[in-house]
Structure formats: structure tokens, C-alpha cells
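The values are calculated or read from the model by the stated rules, or taken from the named source; none is laboratory data. Predicted, not measured: the structure shown is a model, and the values here were computed from it. Cβ sites come from the backbone with ideal geometry, for glycine too, and all protein chains shown count toward neighbours.
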Amino acid sequence: MTNDFSIIGKPIAMVDAAGKTTGSGKYADDLSLPGMLIGKILHSPYPHARIKRIDTSRAEKLDGVVTVVVGTDAPNPYGILPVGHDEYALALDKVRYVGDNVACVAAVDEATAEKALELIDVEYELLPAYFDPEDAMKAETNLIHENKPHNIEKDYHHVFGEPEKGFAEADSIAEARFIANEVTHAAMEPHCTLAAFEIDPHTGNRGRLTVQSSTQVPYYLQHKLSLVLEMPMSQIRVIKPLVGGGFGGKSEVIPLEIIAAIAARKALAPVKITYTREEVFWAHRGRPRTIIDLKTGVKNDGRITAVKARVVQDGGAYCSYGVVTILYSGALLGALYDIPNIQYDGYRVLTNKPVCGAMRGHGTVNVRFAFESQLDELAATIGMDPAEIRQRNLLQPPCITVNGLRVQSYGLPECIEKVVDRSGWRQRKGKLPKSRGLGVACSHYVSGAANSIIRSDMPHSTVNIKIDRDGGVVVYTGASDIGQGSDTMVAQVAAEALGCSLSRVKVVAADTDLTPIDIGSYSSRVTFMNGNATLRAAQEVKKQIASAAARKMNCSPEELTFCDDAVGRKNGHVGTAALGRPAEQSSAAASVSGHVEGQILRGSLQQKRKDEGPKDRMTFEEAVVAAIDFHGALSGSGSYAPPQEARGGKHKGAGVGPSPAYSYSAQVAEVSVDEETGEVTVHKVWAAHDCGRALNPVSVEGQIIGSVWMGMGQALTEEMVWKDGMLMNPGLLEYRSPSSIESPEVEAIIVESIDPEGPFGAKECSEGSLAATIPAIANAIYDAVGIRLHESPFTPERVLAALRAKRNAKPINLTEGVDPTAPARFREHGGSLWFRGKGPERHPLDPSRREAPSPVGGDD
Amino acid sequence: MKKELIELRVNGRCHELAIEPSKLLLDALRQDLQLTGSKRGCDDSSCGACTVQVDGVPMLSCTMLAASCEGQEITTVEGVSEHGSLAAIQKAYGDWGGSQCGYCTPGFMMTVKHLLAQNPNPTEEEIRSGLSSNLCRCTGYSQMYQAIKAAIEAEQKGMAAK
């Protein structure tokens, strides 16, 4: 694809790539400080219990232990949402899930800290626990949080249009229950935080706090630390080093981040805490198990008349992002297709399990799986091609959907056309060999939430740019690069806007002392919002350079162009030709050229004399020097806040779902099903994604492929398996994140709809593709073997069960008589608490309490 | 536990270390030698982020005792760059998006180096099976295959030039 840009739209390596491939880049756990202690957290072995007594005296006496902290050391509640301040860094009176945080030991090394954990005596009084959201909703007593009746965190009931009338008009109606089981981010880097206090030189006492942490949201972390530690935000500095993947798992304040700071405060020394992989699974904040009762009506021409969804999310023990998740599930029923009537009833329910939060495709993925599967069913009922039924229900943008979402750029039609073409859908569908099939599905996602979770009018992103006489451009941005490449995006946008080479631009990112506020890397907001702020900051600086350069050139600023490290008059020959060297070399040459540096060193007076008389071109350095001489300093700021028109309707809960722009995706999956074993193999996925404009195509493709791949994991293998509140598979192998062997080829197809408000037209590309993969695979399984799977992941057991049901064969109970919790039969996962000692006792009233089944099949 | 003196040869340099006999190679590298390139992604040899080469063979340093590596040649990701510039595979991983968050990348570097040393011209099938010892959560692996192919091409071009 050709365009008029010199940096935008060109595939380039990330600016931090070398640090990653050589191992020199520093992640939080790679950092250490003199005198640093290692913190280890004691977790609850019970899903729901009152803490009657904690005795840390034996642990404190152990040689090498510096301090032990408990809940009363920092008793202020916090939570990522203002409406959900229900967490404590360490439990105060109750533990609410297996893995809840009880105490923390700071010791000279890890082994000592671990030993000390065993010396902490905690007396618990067990309470009945709730593991199933539909059971939890019936509860009257022993509530998980006393102020949440029936354990319902939040429920919303939305009606848009006239759903009942819509169903009455429908020619076909489908109604079914879908279940999407719980999945987690499993980012490769376990969470880690290093916290250290300085001594205040004036008071001589403990002063400022610096926290270096694996976080997607430095600003929120700074804010919550201030709340819990009762320190002014100005006394807290949060630095984000390299982050080894987030996917939402680091998009809120994770307990260890606050615990490390509390421990450092009490120990009077720096403290580092790094989660084990098992602790990462407990920290969780992943995608909740979701029960979706969905009803959709269509007319014989394929038009959708109404949708009704009742969604129950198993949110785990605390609020986290829950209120937002349950709202996204309903709100993003809109903005993909033109649906005139929507009824939505959403319930976010508390259970005694690790906390669910935001995960890639936040809130939309499971409902999208249900909706796209049901749409496929309806297409079959009315005898319409599944791709065509989607084309019959397109929006006509610019428009505002029935639930108040503003849609402008809309690349979905092109996405569908592209995947249908590339996959050979028309020629191959229905003609593949036995047990092999094709399925199609679509999805979309926000390019940043139009309303931030902290209700305030402040801009969502602010960026500062400083240019000095050396011609180096330093961009100060709060954007948090978590591997998606936001530092590179910021550098590209700044370089493109200033017409300078990429190597001139240095990005200083995500350090609350240095960089202006950006609310963080979540909801796919960074390219759109921080990109826009960067663009505005660059334009402000450019204006200053232009006014000075224009004086030198005796022309008006409007006549100038900035390109290839030079500033010139539009009618003059600027850029590559004028400079007489190819663009690729110009960066290196300009920065080492003695001629240029000499000019800077000689200073402005000589420069002025030398430059007497107008000319029609200046190098970037010359223009910068002129601007600094003229203005005194060269810096600029830009900020971005979503426009009022994009902020959604007025109903309760309307704040979640609106975005300045939506990305779109259409996918075709080709699968085969082994009817003997029930195993599903994905052979290829064609994924077209409308990202507005691909600022860096190699990164965009990487994000699309990564999303599709993660969706495939959720579709086929990934599942958090629970047994009485215990996670049965807290390890990367047991969780079954796909390896290269199981990963299909993904053909990423970039569609550019050029959004009117995005930076250079760009929208998000990291999340929107995930949701379509699951239903595309489900629909392909139907095409292959004629079964509709209503529960994800589509494991061999579930596929076999459906195949047998289709043949009216007797179901096989694969786990009959097997108790997966019996230690004799269960493999230990990296030192699970349960299996290190005895399993938890259950309260007599506990709904999950039952007689142990007789062990069948080998009691050794 | 009482410490013992051992000698470890890492990236061509000898280091004398006083460590507990129970110390894992990964911890010795990261804590005692400050070679933090090798990462800990799990605790049970699931993920491959800690992969180093011991006498040219990729090994998981999170489940090896440092003391058991005495007298062997250990290569970590820090030993991959050649003469202060990126090796072909490192450059290609950057250019082709083989690395996103980068946390798994050091492990992949060691695995891929071994793969290409054993089989300079692997098929895609062989690459897939060669990489299956390491997990990545960002890329879906696809762009790694492109990177590996590009690195092979670059190496071949480089050799032709010589």
C-alpha cells in the first residue's frame, strides 16, 4: 500500500526490540537495589473464612526475617473502580477465595521468607462458600460482602427499542443457553513489584516512595497507593519498566503492588515481590465464566429484528472491573450490526473464587461467541449463507446505534468481503472432505473508552515534547508499553508529524515523575488517544519551528513542509532530492555530520550572520536552532479527550461501551474434527481487521494474529478448572496455552477505513479480533460434523458428547467415579497449598460439601 | 545450607561463585552474575523462558543445579550478539515481529540458535516442532517463522558475501 507518509504505514522494528532480543532490556524482576529484601505472601487455604487470630511472632523471630505485615498495617480499602472499593491489600477480617492475601514476610532471601510463612499461625472460622454464580445469587446469609445482597455485585436491565414487538415480527427465533468457561491472561511475565522509600533530607524521616512495577496503569497504581498508604500522590513515583505482556492482567492494581509498598514501609528497606506462576493464577483478573441465555429473531430476508440476552458472570470474590465487564457485555451487542431492538439483563455475581477482571476483548468475547453462533444457526434455519446474513445486517454509518453508540468509520463490509474471497468461501464451503468445515464470524471492539473509569473531566492522555539544540526530539508520554508497541507508535507519530527521522526521537514513557498523565494501557485506547495527544504535541512544536524557519526563509509558515529531516518551501525542492541522499541514510548522516554539529556549537550569533539572506531549505537541526533562538525554548504539549458526541446515551450504565471509534473484524476458520476422539484441529484462520490505518503494519499483523491465536486457545483448550474453589490447573502446561505445534496459520488481512478522528486515521488493532475466532471455530465445527457446541472450550469430551447426542447414543461419563481432588490421583502443580497440607475443611452448610465418591479406577 | 565454591563458564568467561549446592542455574545466572536475560516464566519447566545452552544443548536453567554445570560451557542470551551487533536471528526477530513483549524471546533465541545449528534449512514443520519447547503468549508464533526464515536468508547472503 502506498501513501504520502515517510514513516507511518511502513513496517519497522519496535524501538525497544534490541533490548528484548539481546536480554539487556530490564523487566521488574530484573531490577534490584542495595539492601533489597524479598517479600513472600501468605495466601488463604480456604475459600471463605473469618480470620479469628493471626500470630506472626514465630515468623518474626526467624533469623533473616526483617518484618511481617498483616491487614491492620494498611487497613484502607481500594479497588480499580470508584464504585468497587472492596479489596484490602491484606485481609482484615475475612478471606474470600483460596489464594486471598493474608500476610507478607520480608526477609533477606526467598528461602527464608518461604520458611517464615510456615511459622505464621492463622486461626480461621470457616464459612459456607459459593462457587456457582446461580447458587450464589440465591444466598440470603453468609454473604461474601455484607453490603451485596444475594451476592450480586451489580445488575443492569436495559431495553432499547421494542424487543417484544421485534420478536413478534420475526420469522425465525432461536433461543439457547451458552456457557463460556473461565480463562486467564497467562502473560509470560509473572507480576513483580519493587518498592523503595527515600529519606527526606529536610525532615530526616521516611520520604518519597518509588515503585517499579509490572503494570499497565502506572497512574492508577499511583492513585491507589496514595489511598492505601495515606500519602499524597506527589510523594509517590511509579515507574513501569519493560512489561512482559498484560492482556488486561496488569490493568488494575494487583495486591502485590500495594503489599510490597507496605512491607517496604515497615521493613525500612526496599522490598521486591515476584509472584510464582501459581500465584499469578490466583491473582487472575481474567475473563469470567459467563452464562448467556440468548434469544435472537430474524426475518426470512436475514434481517435481525430483536435480541434478548440474560448474562450471568461469575466474577469471583471482589468487584475489580466487574461492573464495567457486565456493561460491556450488553453495550457491545450494538455497534457491530444494525439491531433495532435489544433487551439486556446482566448480573455480575460474587463467588468465592479468584477475582475476574479485564481480559483482552473485555466483556464482549463470551457474548459474541453466543451471538455469532446463534446467528449461524438462524442462517441455517432460514436457508441463508452465513456470510450473507451478516452482510444483510450491516450498519449505515455515520450513525448512532439504538443503544447510543456513535459509529463513524466502519470497515466491516470490506472485512467480510476480504475473508470470503481469500478463504475461497464461495467455492469451497460445503465441498470440503468429510469432517472438515468452514465457519465465519465477526466482532468489534472500542478504540478506548470514551468515558474514563475515574469520573473526571481531565484529558485521557497528555504528551509533552521537548527538542533541544542537538536536534534530538524527546517525547514524554504516559503510554504504557506492555509489548504491544506503544513506544514505537509514539515515536512514529512524532517523527511523521515533525518530518524528522525515527532515530532522532527518544521516547520517555510511563514514569509518573517525568511523564504527564495517561490513564493507561487498557480498552485498546493507546494508539487512538495517546497517538492523538502525541500528534497534537508535535504539531504545537512544529508550529514554533515553522514560524522561526519562515522568518529565515522570508515566507509564511504555511508555505513550509517538514520532510526527511529538512524544512523547506513547498515550491522549493525539499527532502530527499534536495539533501542529495537517500531517506534511509539521512538519519545517521544528519546526527553525525560535523557540519551540522559545528553550526550548533558555534552558536546563534554566527549562525545568524551565516544564514543572512533567504534560502528555501534548512536542515532539521538548523530549523530547530533557529526556533530556539527565536522562542527561547522549544517544547510543546498535546492532550486528548474524547468528543462529547462520542460519549454515549444518558441511561444508567450508558458510560460503558461508547468509544470515539470501533475496530471491526471478520474471520473464516477452517477446521477438521476427529469423530473418533472428538479432537478439533484448526487448519487456518483468515482474519480481516479494520484498524483505521495501520501505523506499523508488522505490529498490526502481530496484534491480529496474537488475538486470533488467543481466541483459538479459549475456543479449544484453555479453561480454568475449579473444584470447590480450588484451581485444579494453576500451571502453564495444565492450563494448556497452545504451543507452536497446536497453532494454526493465521492470515492477517489489514483493512483501512481511515477514521476521521484517529491519529492519521488509526483505530485499535489488539483486541477486536479475539472474539470472532471462537464462534468462527464453533461454526466451522458445525459445518464439519453438524453439531452446535454451546459451551467453550470445545474439548474432545464436549465434542464427543455432542456427537453422541446427535446420534442418540448413550452419553459416556468420562469422569465417573473419579475424584480429581483426591491427592493420590492428582499431580501436584508446583507446590499447591492444598496438596502441601490437607485440603480445606468444609462448613456443614457448605453447598459444595458432599460425601466423597468412592474411588474407582485405582486407589493406590 | 553451607556454600561451596564452584567455577562456572558462561559466555566464554570463567566465574568463581560461592553458592549453595541447591542453587538453581537460573538463580545463579540472574542473582550472582546479574545475567538477567534468562527469565523465569513458570516454576515447573513449562514455559522455556529460562532456556540456556549447556555445551550447545538447550536446557531449562530453572530446573538445573548450577553446581552440576561445572566444567561445561554455558551460553545465555547475553552471549548471542556477535561482536557488539545483533546476530541475524536477533535482527530478524525485531524486524518481523517475532518478539512483542519480549519476555519469552531470550528462551526462543537459545532454542532457535540450536535448531539452526542442527538443521540450517528447516521446513516450517521442523521449525514448529523445534519451537514447541517454548511458550509465547503474544505472537501466536506465526511471525517467528517469518523471522527465522529471514534470518536463514540473511545468514546465507552473509556467507555468500564472504
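What are the residues in the stretch A:52-97 that are part of a helix (DSSP H, G or I) and in contact (Cβ under 8 Å) with a residue 60 or more places away in the chain, if any?
A:Arg58, A:Ala59, A:Asp73, A:Pro82, A:Val83, A:Gly84, listed by residue number.
Among the residues of the stretch B:110-129 satisfying the criterion of being closer than 15 Å to B:Ser142 by Cα and in a helix (DSSP H, G or I), which is nearest to the other protein chains (Cβ to nearest Cβ)?
B:Arg128
Within the stretch A:582-600, identify whether any single residue is of a type in the set (Ser, Thr, Tyr), within 30 Å of A:Ser409 (Cβ to Cβ) and either at pLDDT 95 or above or in a helix (DSSP H, G or I) (or both), and answer yes or no.
no
Among the residues of the stretch A:14-26, what is the count of those that are facing chain B (nearest Cβ under 7 Å) and either buried (at least 24 other Cβ atoms within 10 Å of the Cβ) or assigned to a helix (DSSP H, G or I) (or both)?
Adding up the residues that qualify gives 7.
Which of the residues that make up the stretch A:329-345 are aromatic (Phe, Trp, Tyr) and either surrounded by 24 or more Cβ atoms within 10 Å (Cβ to Cβ) or touching a Leu at 6+ places or on another chain (Cβ under 6 Å) (or both)?
A:Tyr344
Can we say A:His48 is buried (at least 19 other Cβ atoms within 10 Å of the Cβ), more than 14 Å from chain B (Cβ to nearest Cβ), closer than 30 Å to A:Leu268 by Cα and not hydrophobic (A, V, I, L, M, F, W, C)?
no
Before we move on, is A:Ser503 assigned to a loop (DSSP other than H, G, I, E, B) and of a type outside the set (A, V, I, L, M)?
Criteria not met by A:Ser503.
For the stretch B:10-44, how many residues are surrounded by fewer than 16 Cβ atoms within 10 Å (Cβ to Cβ) and either more than 9 Å from chain A (Cβ to nearest Cβ) or within 21 Å of B:Gln100 (Cα to Cα) (or both)?
7
Is there a residue in the stretch B:61-71 that is buried (at least 24 other Cβ atoms within 10 Å of the Cβ), within 24 Å of A:Ile741 (Cβ to Cβ) and away from chain A (no Cβ under 11 Å)?
Yes, some residue in the stretch B:61-71 is buried (at least 24 other Cβ atoms within 10 Å of the Cβ), within 24 Å of A:Ile741 (Cβ to Cβ) and away from chain A (no Cβ under 11 Å).
Return the residues of the stretch A:722-738 that are more than 17 Å from A:Thr773 (Cα to Cα), outside any helix (DSSP H, G or I) and in contact (Cβ under 8 Å) with a residue 40 or more places away in the chain; say none if nothing qualifies.
A:Trp722, A:Lys723, A:Asp724, A:Gly725, A:Met726, A:Leu727, A:Met728, A:Asn729, A:Pro730, A:Gly731
One line per residue, one yes/no per condition, for (1) outside the structural domain of B:Ser133 (by TED's automatic domain parsing); (2) within 27 Å of A:Pro730 (Cβ to Cβ); (3) not basic (Lys, Arg):
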| site | (1), (2), (3) |
| --- | --- |
| B:Arg30 | yes, yes, no |
| B:Thr36 | yes, yes, yes |
| B:Ser45 | yes, yes, yes |
| B:Pro58 | yes, yes, yes |
| B:Leu65 | yes, yes, yes |
| B:Gly94 | no, no, yes |
| B:Gln100 | no, yes, yes |
| B:Thr105 | no, yes, yes |
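Could you say whether any residue in the stretch A:555-570 is without any contact (Cβ under 8 Å) to a residue 24 or more places away in the chain and assigned to a strand (DSSP E or B)? Walk me through how you get there before you give the answer.
To start, the set of residues in the stretch A:555-570 that are without any contact (Cβ under 8 Å) to a residue 24 or more places away in the chain comprises A:556-560, A:570.
The next check asks that each one be assigned to a strand (DSSP E or B); those that pass are A:560.
There is at least one residue in the stretch A:555-570 that is without any contact (Cβ under 8 Å) to a residue 24 or more places away in the chain and assigned to a strand (DSSP E or B).
Just one of B:Gly140, B:Gly107, B:Gly158, B:Gly84 is more than 8 Å from chain A (Cβ to nearest Cβ) and in contact with a strand residue (DSSP E or B) (Cβ under 7 Å, 6 or more places away or on another chain); which is it? Full working, then the answer.
Details: B:Gly140 fails: more than 8 Å from chain A (Cβ to nearest Cβ); B:Gly158 fails: in contact with a strand residue (DSSP E or B) (Cβ under 7 Å, 6 or more places away or on another chain); B:Gly84 fails: in contact with a strand residue (DSSP E or B) (Cβ under 7 Å, 6 or more places away or on another chain).
Of the residues listed, the single one that is more than 8 Å from chain A (Cβ to nearest Cβ) and in contact with a strand residue (DSSP E or B) (Cβ under 7 Å, 6 or more places away or on another chain) is B:Gly107.
Hey, does the stretch B:23-35 have a residue that's within 18 Å of A:Gly244 (Cβ to Cβ) and assigned to a loop (DSSP other than H, G, I, E, B)?
yes
Any residue in the stretch A:679-690 that is of a type outside the set (Asp, Glu) and within 15 Å of A:Ser447 (Cβ to Cβ)?
Taking the stretch A:679-690 as the starting set, the residues that turn out to be of a type outside the set (Asp, Glu) are A:680-689.
Imposing the further condition that a residue be within 15 Å of A:Ser447 (Cβ to Cβ) reduces the set to A:689.
Yes.
Which of (1) over 22 Å from the mean Cα position of the chain (by Cα); (2) away from chain B (no Cβ under 14 Å) is the odd one out, the single condition A:Pro744 does not satisfy?
With respect to (1) over 22 Å from the mean Cα position of the chain (by Cα); (2) away from chain B (no Cβ under 14 Å), A:Pro744 is out only on (2).
Answer yes or no: is there a residue in the stretch A:418-426 that is of a type in the set (Val, Ile, Thr), assigned to a helix (DSSP H, G or I) and in contact (Cβ under 8 Å) with a residue 12 or more places away in the chain.
Our first condition is that a residue be of a type in the set (Val, Ile, Thr); within the stretch A:418-426, this holds for A:419-420.
Add one more test, that the residue is assigned to a helix (DSSP H, G or I), and what stays is A:419-420.
From what's left, in contact (Cβ under 8 Å) with a residue 12 or more places away in the chain: A:419-420.
Yes, there is a match, as at least one residue in the stretch A:418-426 is of a type in the set (Val, Ile, Thr), assigned to a helix (DSSP H, G or I) and in contact (Cβ under 8 Å) with a residue 12 or more places away in the chain.
Residues checked against (1) touching a strand residue (DSSP E or B) at 6+ places or on another chain (Cβ under 9 Å); (2) among the acidic types (Asp, Glu):
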{"residue": "A:Ala267", "(1), (2)": "yes, no"}
{"residue": "A:Arg287", "(1), (2)": "yes, no"}
{"residue": "A:Thr296", "(1), (2)": "yes, no"}
{"residue": "A:Gly302", "(1), (2)": "no, no"}
{"residue": "A:Arg310", "(1), (2)": "yes, no"}
{"residue": "A:Tyr328", "(1), (2)": "yes, no"}
{"residue": "A:Ala331", "(1), (2)": "yes, no"}
{"residue": "A:Asp338", "(1), (2)": "yes, yes"}
{"residue": "A:Thr351", "(1), (2)": "yes, no"}
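Please state which of the following conditions B:Val52 fails to meet, knowing it meets all the rest: (1) more than 7 Å from chain A (Cβ to nearest Cβ); (2) in a helix (DSSP H, G or I); (3) at pLDDT 95 or above; (4) more than 26 Å from A:Gly485 (Cβ to Cβ).
(2)
From the list A:Arg310, A:Arg303, A:Arg348, A:Arg392, pick out the single residue that is crowded, with 24+ Cβ neighbours inside 10 Å and of a type in the set (D, E, K, R).
Going through A:Arg310, A:Arg303, A:Arg348, A:Arg392 in turn, just one is crowded, with 24+ Cβ neighbours inside 10 Å and of a type in the set (D, E, K, R): A:Arg348.
Could you tell me which of the residues A:Gly244, A:Gly204 is touching a residue at least 60 places away in the same chain (Cβ under 8 Å) and either farther than 17 Å from A:Ala264 by Cα or in a loop (DSSP other than H, G, I, E, B) (or both)?
A:Gly244
Of the residues A:Gly711, A:Gly636, which is outside any loop (DSSP other than H, G, I, E, B) and outside the structural domain of A:His158 (by TED's automatic domain parsing)?
A:Gly636
Quick test for you: out of A:Ile705, A:Ile749, pick the one residue that is closer than 18 Å to B:Gly97 by Cβ, at the interface with chain B (Cβ under 10 Å from one of its Cβ atoms) and hydrophobic (A, V, I, L, M, F, W, C).
Result of the check over A:Ile705, A:Ile749: A:Ile705.
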